[in-house]
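Enquirer: One structure follows; several queries about it will come next.
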Amino acid sequence: MASRHALLIATETYADPALRRLTAPGGDARELAAVLSDPAIAGFEVTTLVDQPHHVVGEAIGEFYRGRRRDELTLLYFTGHGVKDDDGSLYLAMANTRRDSLMFTALAAELVDRAMAGCPSRQKVLVLDCCYSGAFPAGKLAKASTDVHTLERFQGRGRAVLTASDATQYSFEGDAVVGSAARSVFTRHLVAGLRDGSADLDGDGDVTVDELYSYVHERVVAEMPRQRPKHQSDVEGRIVLARNPRWALPEYVKHGLASPIASDRMNALEGLKRLNRVGNDVVRARTTDEIRRLVEDDSRTVSAAAREWVAEGEGPVEPVAAEPATEEVAPPKPAAPAGSGTAGLAAPAGAGTAGLAAPAGAGTAGPAAPARPGTGRSPSAIPAGQRPAQPKSARPAGPLPATPLNESERALRRRNAAFYFGSAALTLALVAGVVAAGVPAWLATMLVVVFAVFVGMGLAGLRGQSK
């Protein structure tokens, strides 16, 4: 399994008094770190930075993305304040950030974007639980809109971005804070969906980025209508963030398996096959066990369908071909003529070696067995220890069991039987007519034979459709 790395950044205390008065993030980042590092859930290698200055965080982000492989999964999470200056540039506020010197005391979003662009990983996840503000000086109008346009700032191949919000909720007039924001619940639902597996919306045992966003968005909007999470993704395939640690068979499958009605169990079997096709290894193992149990179901239809699935999964067993003989053997000499006292004996195959042809019967002289192609000697002339192994026939010994006919085949045979009986009746009427007309006896005999053939074919059809 490819390695998985997460860098979590949280800032709760700020040197700037105005930033301190804003809503500060709680301990959700620490809870997220615990969930992501749990090997039974996500198995990330997690690094957490709390209340660090911008240069420490910037260096950590650079190291985080440097030297990654294409198949590695990276997750960068930031919770705190995002500040947009009057030129529209976005900065992530750190512990030492001052609003009057964002360029030198805050982490520019542009630098994070460039670090992500230089990372060869094809699966980069960025999660921003930010409360955005506009750092507009008093008496000066903003040159940019109040929207942050976070998704546009972090576009790129191989990236998936989740944001708790995408609009400025504060502005400043001097040291006065103008505006208010709802308490962020984004990370709390993020953690809950991963911890108990409730974000596994399709029940396949895995929690993907898309599923997690849908789960969080629905709950955040229901709890805090003013907060609108957003999401964008430009990756090949899907990004699996975690396993569902509490995965169990869906209720409809459980009820179907427990139902006394065969059609319900058949529906449950179809559900098990779908889960086995799309689920992870845990789901496949559980559904395979359940399908194998259905092989012994008392319904022939359910049992046959389960047996067919199991047979397809195991696949046919290919016979092992015998290796060709490599021994150089001289061509055998003709067998001694019958009656010479050596009947049934082949000439010696080589110096000092006598090859015996199998006798045709006890006390009866028989011809030597034909030589095997490519070996120059008969099968019986090869010592038992040197005979190549023969592949076992795929066909079992004894007669094959009759294959049951389906309803369409039975109907076809009934129609054929009716046709033959009808033809026999017409032939019988023709026989009566020609006999009454005094035709030659050979013609009447031929018509009687045709009549008997039609009757026989009709009876054969009736017997076949009853199998």
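The values are calculated or read from the model by the stated rules, or taken from the named source; none is laboratory data. These numbers come from a predicted model, not from an experiment. Glycine also receives a Cβ, built like all others from the backbone with ideal geometry; neighbour counts cover every protein chain displayed. Remember, those area values only see protein heavy atoms, side chains included, never the ligands or the DNA or RNA. Shrake-Rupley method; radii C 1.70, N 1.55, O 1.52, S 1.80 Å.
Enquirer: Which sequence of His81, His255, His217 reflects their accessible areas, 1.4 Å probe, from the largest down?
Expert: On the way: His81 0, His255 120, His217 55 Å².
The ranking, largest first, comes out as His255, His217, His81.
Enquirer: In what order, largest first, do Leu49, Leu194 sit by accessible area if the probe radius is 1.4 Å? Present the calculation step by step, with values, prior to reporting the outcome.
Expert: Working: Leu49 30, Leu194 5 Å².
Greatest to least solvent exposure: Leu49, Leu194.
Enquirer: Sequence neighbours fewer than 8 away in the same chain don't count; with that in mind, list the aspartates and glutamates whose C-alpha is under 15 Å from Lys124.
Expert: Once the sequence-local aspartates and glutamates are set aside, what remains near Lys124 is Glu45, Glu63, Asp71, Glu72, Asp113, Asp210, Asp234, Glu236.
Enquirer: Which whole-number percent is the relative contact order of the stretch 187-311 (Cα, under 8 Å, 6+ apart)?
Expert: Numbers: 145 pairs, mean separation 26.7, N = 125.
21 percent.
Enquirer: A follow-up question, please. Output wanted: per-residue J couplings in Hz (rounded whole) for the stretch 3-13, from phi through Karplus 6.51 cos²θ - 1.76 cosθ + 1.60, θ = phi - 60°, x for Gly and Pro.
Expert: Taking θ as phi minus 60°, the curve returns 5, 10, 10, 9, 10, 10, 10, 9, 10, 10, 10 Hz for the stretch 3-13.
Enquirer: Check Glu12: other-chain or 5+ apart residues with amide H under 5 Å from its amide H, H built from backbone geometry?
Expert: Distant-sequence amide H within range of Glu12: Asp51.
Enquirer: In Å², and per residue, what accessible area does the stretch 61-118 have when probed at 1.4 Å with the other protein chains present?
Expert: Numbers: 2370 Å² over 58 residues.
In whole numbers, the stretch 61-118 has 41 Å² accessible per residue.
Enquirer: Apply 1/(1 + (r/R0)^6) to the Cβ-Cβ distance of Arg226 and Ala262, taking R0 = 35 Å, and write down the FRET efficiency to the nearest 0.05.
Expert: Details: r = 53 Å, r/R0 = 1.51.
With R0 = 35 Å, the Cβ-Cβ based efficiency is 0.10.
Enquirer: Further, regarding this structure: Taking 30 Å as R0, compute the FRET efficiency from the Cβ-Cβ separation of Phe104 and Arg157 and round it to 0.05. Show your work: numbers first, answer last.
Expert: On the way: r = 31 Å, r/R0 = 1.04.
That gives a FRET efficiency of 0.45.
Enquirer: Sticking with this one: Would you mind checking which residues have amide H under 5 Å from Leu75's amide H? H placed 1.01 Å from N; only 5 or more apart, or other chain.
Expert: For Leu75, whose amide H was placed from the backbone, the distant partners under 5 Å are His5, Ala6, Leu7, Val125.
Enquirer: Need one value: the accessible area of Lys230 in square angstrom, 1.4 angstrom probe, rounded to the nearest 10.
Expert: My reading of the accessible area for Lys230 is about 90 Å².
Enquirer: So between Val448 and His149, what do we pick up on full extension, going 0.36 nm a residue minus the alpha carbon distance? Provide the component values of the computation, followed by the final result.
Expert: On the way: separation 299, 0.36 × 299 = 107.64 nm, distance 9.46 nm.
Once the chain is fully extended between Val448 and His149, it gains 98.2 nm.
Enquirer: A further question follows. If you average the sequence gap of Cα pairs under 8 Å that are 6 or more apart and divide by the length of the stretch 266-316, what percent do you get for the contact order?
Expert: Values: 36 pairs, mean separation 14.3, N = 51.
RCO, the stretch 266-316: 28 percent.
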